[in-house]
Each structure stands twice: as structure tokens, then as C-alpha cells.
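Presented below is the structure to which this report refers.
Any read-out appearing in this document is the output of simple, stated calculations on the displayed coordinates, not a laboratory observation. For clarity, every value in this text was computed on a predicted model and none was experimentally measured. Note that each Cβ is placed from the backbone with ideal geometry, even for glycine, and that neighbours are counted across all protein chains shown.
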Amino acid sequence: MENVRWSPHTVGISDNTLRSDIFHRKIRPQPSKQKKAIQTAIRKNKEANAVLARLNSELQQQLKEVHQERIALETQLEQLRPLTVL
């Protein structure tokens, strides 16, 4: 039997195809692992967003109440001041 050295070119594979194949197998993370990591990050961000939205709503309500209280107190203060006659 003849001693033939195998090379990608003997079976019609180009250098670009080889580089691309190596890149996809060795350099890029596994798609399923990457997809799970992205899905986990999305879920965590949605949860954090829901918490922050609820907190924002509560703070908006408190701001409204404090603003109304300030207006009421300013009105009372005006009524307690003596009238100034010019």
C-alpha cells in the first residue's frame, strides 16, 4: 500500500473553510450554554426591572402625598401671618 499523507486539500477543503470550522468549534462558546446564559441574564434583568418599577410607583405616590401636605402647610402658614397694611 502506498503511503499517502492526508491533507484537507486532498479532499477538497479550502483553508477558509478550515479556519471557519476551527473558529466555530474552538473559539466560540457552545450555543446552548451561551443561549442559557443570555436567557438567565434576561430573566434576572426582568425581575430587577419589576422591583424597580414597583419602588418607583411607591415613591411617586409618596412624592404626591408630601407635595399635597406641603401645599396645605403653606396655606395654613399664610393664614397665620399678620396682614401687612401698606
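Would you please give the FRET efficiency between Leu52 and Gln79, computed as 1/(1 + (r/R0)^6) with r the Cβ-Cβ distance and R0 = 25 Å, to the nearest 0.05?
For R0 = 25 Å, the calculated efficiency reads 0.05.
Among all the lysines, which ones have a C-alpha under 17 Å from Lys33's C-alpha, if same-chain residues fewer than 8 places away are not counted?
Leaving aside lysines fewer than 8 places away in the same chain, those within reach of Lys33 are Lys44.
Straight-line reach from Lys64: which lysines fall under 30 Å, measuring Cα to Cα and dropping same-chain residues less than 8 apart?
Lys46
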